[in-house]
Amino acid sequence: MKLYSGPLSMFGAKVEIAAREKGLDFELVMVPFEMKTLYEPKHPEVSRINPKRQVPVLVDDDPGGALELFDSTQIFEYFETLKPEPALWPTDIRARARARLLEHKSDEVYFPHIVRLMGDPRAAGAHDGAARFYDEMERTLGDREWLAGGYSYADIAFYMAQLFGDRMGAPMGDAHPRLQAWRERMGARPPVRQVAGAMGRYLLSIGRKLPDFMTRLGA
């Protein structure tokens, strides 16, 4: 199994964390990246497999031929079928639906605000949109340890998205103590620490500052 990712790919980091949580045997290929040109020129295998020309891309070879996948959520689903234990979706059908929705909302409701801040740190409405999402997640978490009950892909997705949110100037605040404690629990998990810590070290190597919680990952 080969996973194509990038040093600053939020979606690639999601997949790498999940693969490590599952204990899967895989080769990690970090595609070329440079701050001025980003991911250009594109890696030829990424361009061939994904019409969007983006990481993550997963290639799983076996005697019957190679399975080639892209999109972090699609890869999550493959991992869960390939190796059901440890489970990263809840077994209860309604709980699983809620967890899948949370994972989707992290990618498609919250993260677009952060993408806007990458282009303009004062993007109208982006900070407010992120803050509203934090409020919602604070209520969703409640007194539980993890967002969907048991530890799941929903936690992985929001952790990595919020890591970028904090870096882009949309941190969680005093109104989100449960989420901040949740983030510390996430950072204590070895796969999360390994992947997010490596991203932090890369950021430091190119002269970027880290949020305090990332420095605690051993970056």
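Please state which of the following conditions S205 fails to meet, knowing it meets all the rest: (1) in contact (Cβ under 8 Å) with a residue 40 or more places away in the chain; (2) small (G, A, S); (3) open to solvent by 70 Å² or more (accessible area, probe 1.4 Å).
Of (1) in contact (Cβ under 8 Å) with a residue 40 or more places away in the chain; (2) small (G, A, S); (3) open to solvent by 70 Å² or more (accessible area, probe 1.4 Å), only one is false for S205: (1).
Which count do you get for residues in the range 103-154 that are among the aromatic types (F, W, Y), more than 20 Å from G173 (Cβ to Cβ) and in a helix (DSSP H, G or I)?
Within the range 103-154, residues that are among the aromatic types (F, W, Y), more than 20 Å from G173 (Cβ to Cβ) and in a helix (DSSP H, G or I) number 1.
I'd like the full set of residues that are open to solvent by 70 Å² or more (accessible area, probe 1.4 Å) and in contact (Cβ under 8 Å) with a residue 40 or more places away in the chain, limited to the range 128-158. Step through it out loud before you land on a result.
First pass over the range 128-158, keeping only residues open to solvent by 70 Å² or more (accessible area, probe 1.4 Å): 128, 132, 139, 143-145.
Correct list: E145 only.
State which residue pairs qualify: first residue open to solvent by 70 Å² or more (accessible area, probe 1.4 Å) and inside the range 172-201, second residue outside any helix (DSSP H, G or I) in any location, beta carbons under 7 Å apart, and separation of 6 or more residues or different chains.
Between residues of the range 172-201 that are open to solvent by 70 Å² or more (accessible area, probe 1.4 Å) and residues that are outside any helix (DSSP H, G or I), the close pairs are R185/E145; R193/L217; R193/G218; R201/A219.
Output the helices (runs of 4 or more DSSP H) that fall wholly within the range 8-102 and possess 3 or more residues being more than 20 Å from A157 (Cα to Cα), or say none. I'd like the intermediate steps shown before the answer.
On the way: elements: 10-22, 44-49, 72-82.
Because the criterion is at least 3 residues that are more than 20 Å from A157 (Cα to Cα), the helices (runs of 4 or more DSSP H) in the range 8-102 that meet it are 44-49.
Looking at (1) open to solvent by less than 50 Å² (accessible area, probe 1.4 Å); (2) over 26 Å from R122 (Cβ atoms); (3) not aromatic (F, W, Y), find the lone condition where G165 falls short.
Only one criterion in (1) open to solvent by less than 50 Å² (accessible area, probe 1.4 Å); (2) over 26 Å from R122 (Cβ atoms); (3) not aromatic (F, W, Y) is unmet by G165, namely (2).
Can you name the number of the only condition in (1) out of contact with any Asp or Glu (no Cβ under 8 Å at 6 or more places or on another chain); (2) surrounded by 17 or more Cβ atoms within 10 Å (Cβ to Cβ) that S72 fails?
(1)
The values are calculated or read from the model by the stated rules, or taken from the named source; none is laboratory data. Quick caveat, the model's predicted, so the values are computed rather than measured. When we count neighbours, we look across all protein chains shown, and the Cβ atoms used for this are built from the backbone with ideal geometry, even at glycine. Accessible surface is based on the protein model in full, side chains and every heavy atom, while ligands, DNA and RNA are left aside. Shrake-Rupley method; radii C 1.70, N 1.55, O 1.52, S 1.80 Å.
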